[in-house]
Structures are given as structure tokens and as C-alpha cells.
Amino acid sequence: MLRRRHLAVLWVGLCLSCVGDYFYFVAIMWTAAKLAGSAAGLVAACQSGAALAVAPLAGLLVDRLDRRRAMMTADLARAMVVFALALVAAHGEVGLASLVLVALALGSFDAVFTPALLASVPALVDGPEELQATNGLVDATRRIARAVGPSLAGLVAAVVPLAHFFTIDALSFCASALAVFTIGARFAWRAEEPPSVTGGASALRGLEEALRGVRENAPVTWGLAALFLTNLAWCAGFQVGGVLLASRVLGSGIGGYGLLVGAYGVGNVAGNLVVGSTFVERRVTMVFAAKIVLGAGFVVMALAPSLPLAMAGAALAAIGGPMGELPLVSLLQTEFVARQRGRVFSLYLMVQNAGVALGLTLAAPLLAVVPVRQGIAGCALALVAVGLAGIARFGWKR
């Protein structure tokens with residue numbers, strides 16, 4: 001795929017942007033923790049909440065406007081917001097309110113960029129095999145950044161002031177905007193038959209139209225429901241449960257937790273390389289089989305008597321991420337016409353963020369009353385049940 005110039009340029013821009021996002025994440029969470037202690041999670045929640053709230057209107061705009069311009073505008077807007085925060089931080093005047101405002105702005109512009117990107121991919125490729133490979137390439141940027149971004153930020157912190165982590169992220173957004181601009185206007189960046197509705201109320205009507213189209217497509221309905229439940233269980237069982245497993249049960253401290261997350265990142269990248277380079281004909285089956293793999297890995301992690309075995313379980317679970325998400329994204333791109341894709345992917349983004357928000361909300365009370373191993377295992381078994389239910393509904397051949 002990287003032999004095609006426009007896809008290589010897009011991928012480089014996305015890689016820089018995703019790595020920059022982890023510099024931002026490290027800086028903003030560290031700053032928020034110093035200002036608000038355990039309430040630092042409020043900042044991340046605000047960003048997800050903003051994306052969830054703005055997604056309906058963003059989806060309508062993405063279907064009406066030139067998607068290339070929408071992506072560049074979102075990138076440049078994010079760059080300006082984060083650079084403004086860098087200037088404030090450099091003068092030591094950052095408060096929690098500033099971090100929340102920036103998180104709200106970034107979440108809002110994320111809700112424009114992500115649907116515009118995913119809705120544009122079919123116009124950039126030739127044929128279903130190239131579509132799946134390109135989806136794998138786009139997905140790989142996020143997973144590779146997750147594996148290397150935090151470590152790279154830790155190394156750079158030794159020589160670069162924390163305030164300039166925001167500057168690095170702002171520059172990465174500029175690089176992404178430049179990459180999209182360089183691709184040029186020769187591709188079909190605008191839907192041939194954009195929706196005729198406009199205005200605020202039209203965002204809800206646009207979302208209703210997307211929901212109606214999803215309801216009429218049983219595999220997509222089940223796939224999005226599975227995505228919601230997967231994000232919920234993942235956040236409770238791994239993002240929160242993994243910390244508690246490493247610190248309270250395995251006694252390995254922050255270093256052990258880092259190794260656990262690193263193992264998950266390696267499994268993520270390996271799964272992406274395999275699934276992204278293999279043409280999947282039975283997409284629906286793959287979406288639900290992935291939940292079984294994800295759940296099985298978390299069962300191993302929950303029951304592991306030692307850190308190395310827990311890391312092996314995390315790596316196995318991680319394979320299920322791209323194994324399920326890539327076929328689902330390809331399904332959404334091929335089951336809906338161009339003029340609907342922006343709203344459909346906004347709905348996809350809403351489902352993701354709703355699962356994350358609810359999972360993080362439920363994790364604390366759940367793991368406060370249920371032992372850590374049992375809590376992670378319960379989330380794992382829920383994932384396996386989702387996978388088995390989907391396969392029972394659609395069989396192995398679809």
C-alpha cells in the first residue's frame with residue numbers, strides 16, 4: 001500500500017499526529033494530576049464527552065462538505081488550540097479549567113476528523129482487497145503509536161520541558177494537515193449526492209437516518225452493539241483492572257503495569273499486521289470471533305499466577321482488537337453509500353465513546369466490591385458471550 005504515493009503521504013501524516021497525541025496525553029494527564037489528583041480523569045472524560053455530543057452534527061457536515069477540507073480544518077484547529085495551551089503552560093498559568101476547555105475543543109474537532117477520514121478511504125483505493133489493507137494501515141498508526149508513543153515521550157521529557165509537549169502535538173497536527181493537503185483534490189472527497197438537510201435540527205434527522213439504515217442491516221446493528229460492549233468491558237477489565245492487577249495482585253508495581261501495557265501493544269500491532277494483510281471474506285464472522293479471542297486473552301491474564309503469563313494473556317487479547325475492528329470498519333464502508341458514510345462513522349464514534357465513558361464509570365464501583373481477578377474474568381466472559389451470541393445469530397459463513 002505504501003508504494004502508492006497518496007496513501008504513503010497520508011500514513012506518514014497520521015503517524016506523526018498519533019505519536020504527537022501521546023505527547024499531549026502524557027503532558028495533560030501529568031499536569032491534571034498535579035492540579036486535581038485523582039480527578040485528573042475528568043479531563044479525558046471531557047474529551048470523550050465532547051466527541052459524543054458533537055458527533056451527530058459533525059457527521060452531517062462530513063457528508064455535506066469536502067472531506068479533505070474538513071480534515072485539514074480540524075487538524076489546523078486542533079493545532080491552534082494545543083499551541084495556545086503550550087503558550088499558557090510555558091508561562092506557568094495552566095489551571096484545570098484550561099485543560100478542560102482544551103479537552104472539549106479537541107474532542108469536538110476529533111468528531112469531525114475521524115468520520116471524515118474513514119468515510120474518505122473508499123475513494124482513495126481500488127477494490128475491496130485494497131480497501132481492507134488501507135484500513136489496516138490507518139488502524140496500525142494508532143496501535144503503533146500506543147506501543148511507542150508513551151515511551152518516546154518519557155525519553156524526550158529528559159531534554160524538553162513538559163510545556164513543549166503541547167508544542168510537539170500542535171506541530172504533529174500541522175504535519176497531518178499538510179499531508180492531507182499534499183494528496184490533492186483529484187479524489188472524490190465529496191459525496192455525489194449530499195444530504196439536502198441543513199441546520200442544527202437536521203443533525204438529529206441525519207442521525208435518525210443513519211440509525212434507520214443501521215437498524216435495517218442486522219450484521220451492522222449487531223457489530224455496533226458488540227463494539228459498545230467491547231469498549232465497556234475493555235475499559236473496566238484492562239484499562240482499570242490491569243492497573244489493579246499489576247499493583248495489588250501481582251505486586252509488580254508501575255514497571256509491571258508498563259510491561260503489561262507493552263505486551264498488549266505488541267499483540268495489537270501483530271494482530272493488525274496479520275489481519276490488515278489478509279483479505280477477510282467472512283467479515284461478520286471475524287467481528288464476533290474477535291470477541292472470543294479478546295475474552296480468552298483476558299481470562300488468561302486474570303488467572304495468571306505471574307506477570308509473564310499475564311503479559312502473554314494481554315498480548316493474546318490484543319490480537320482481538322484489530323481482528324474485530326478492521327472488518328467492522330470495512331463493513332460500514334461497503335454497506336452504505338458515500339452520502340451516508342459520514343453520519344454512519346459519526347454513529348460509530350459515538351458508540352465507541354459511549355462504551356469507553358460507561359466502562360470507566362462502572363469500573364471503580366465494580367472493582368471496589370469484586371476482587372480484581374474475578375472482575376477482569378467477568379468482563380472477559382462477557383466478551384466471550386458477545387462473540388458466541390453473534391456467531392450463533394449469523395453462523396460461520398457470513
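The values are calculated or read from the model by the stated rules, or taken from the named source; none is laboratory data. In this text, all values refer to a predicted model and were calculated from it rather than measured experimentally. Every residue, glycine as well, gets a Cβ built from its backbone with ideal geometry; the counts of neighbours run over all protein chains shown.
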Subject >> Condition check for Gly107: more than 17 Å from Ser172 (Cα to Cα), in contact with a helix residue (DSSP H, G or I) (Cβ under 8 Å, 6 or more places away or on another chain) and either surrounded by 22 or more Cβ atoms within 10 Å (Cβ to Cβ) or at pLDDT below 95 (or both) >> reply: no
Subject >> Flag if Leu347 is touching a residue at least 60 places away in the same chain (Cβ under 8 Å), in a helix (DSSP H, G or I) and closer than 30 Å to Gly256 by Cβ >> reply: no
**OP:** Of the conditions (1) over 23 Å from the mean Cα position of the chain (by Cα); (2) among the hydrophobic types (A, V, I, L, M, F, W, C); (3) surrounded by fewer than 18 Cβ atoms within 10 Å (Cβ to Cβ), Met29 clears all except one; give me its number.
**Re:** (1)
**OP:** Mind listing whichever residues of the stretch 77-104 are surrounded by fewer than 17 Cβ atoms within 10 Å (Cβ to Cβ) and either of a type in the set (Asp, Glu) or under 19 Å from the mean Cα position of the chain (by Cα) (or both)?
**Re:** Glu93
Original post:
Are there any helices (runs of 4 or more DSSP H) wholly within the stretch 171-256 with 3 or more residues that are at pLDDT 75 or above and under 24 Å from Ala44 (Cβ atoms), and if so which?
Top reply: 218-234, 241-244
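Pick out the one residue from Glu335, Glu325 that is among the charged types (D, E, K, R), farther than 22 Å from Met71 by Cβ and not assigned by TED's automatic domain parsing to the domain that holds Gln47.
Glu335
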Original post:
If you go through the stretch 1-35 one residue at a time, how many are more than 21 Å from Phe181 (Cβ to Cβ) and either touching a Lys or Arg at 6+ places or on another chain (Cβ under 9 Å) or outside the structural domain of Phe113 (by TED's automatic domain parsing) (or both)?
Top reply: 1
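Evaluate the stretch 302-318: report whether one residue or more is in contact with a helix residue (DSSP H, G or I) (Cβ under 6 Å, 6 or more places away or on another chain), over 16 Å from Ile376 (Cβ atoms), in a helix (DSSP H, G or I) and of a type outside the set (Lys, Arg).
no
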Original post:
Out of the stretch 260-287, which residues are at pLDDT 85 or above and polar (S, T, N, Q)?
Top reply: Asn268, Asn272, Thr285
**OP:** Go through the stretch 276-292 and give me each residue that's assigned to a helix (DSSP H, G or I) and either under 17 Å from the mean Cα position of the chain (by Cα) or among the hydroxyl-bearing types (Ser, Thr, Tyr) (or both).
**Re:** Gly276, Thr285, Val287, Ala290, Lys291
Original post:
Are any residues in the stretch 313-346 surrounded by fewer than 24 Cβ atoms within 10 Å (Cβ to Cβ), among the aliphatic types (A, V, I, L, M) and at pLDDT below 90, and if so, which ones?
Top reply: Val337, Ala338
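Name the helices (runs of 4 or more DSSP H) wholly within the stretch 5-106 that hold at least 2 residues that are in contact with an Asp or Glu (Cβ under 7 Å, 6 or more places away or on another chain) and aliphatic (A, V, I, L, M)? Please lay out each step first, then the result.
Working: elements: 5-36, 41-64, 67-90.
Those helices (runs of 4 or more DSSP H) do not exist here; none qualify.
Of the residues Val94, Val88, only one is touching a Leu at 6+ places or on another chain (Cβ under 9 Å) and either more than 22 Å from Ala179 (Cβ to Cβ) or not assigned by TED's automatic domain parsing to the domain that holds Ala55 (or both); which? Step through it out loud before you land on a result.
On the way: Val88 fails: touching a Leu at 6+ places or on another chain (Cβ under 9 Å).
So the residue among Val94, Val88 that is touching a Leu at 6+ places or on another chain (Cβ under 9 Å) and either more than 22 Å from Ala179 (Cβ to Cβ) or not assigned by TED's automatic domain parsing to the domain that holds Ala55 (or both) is Val94.
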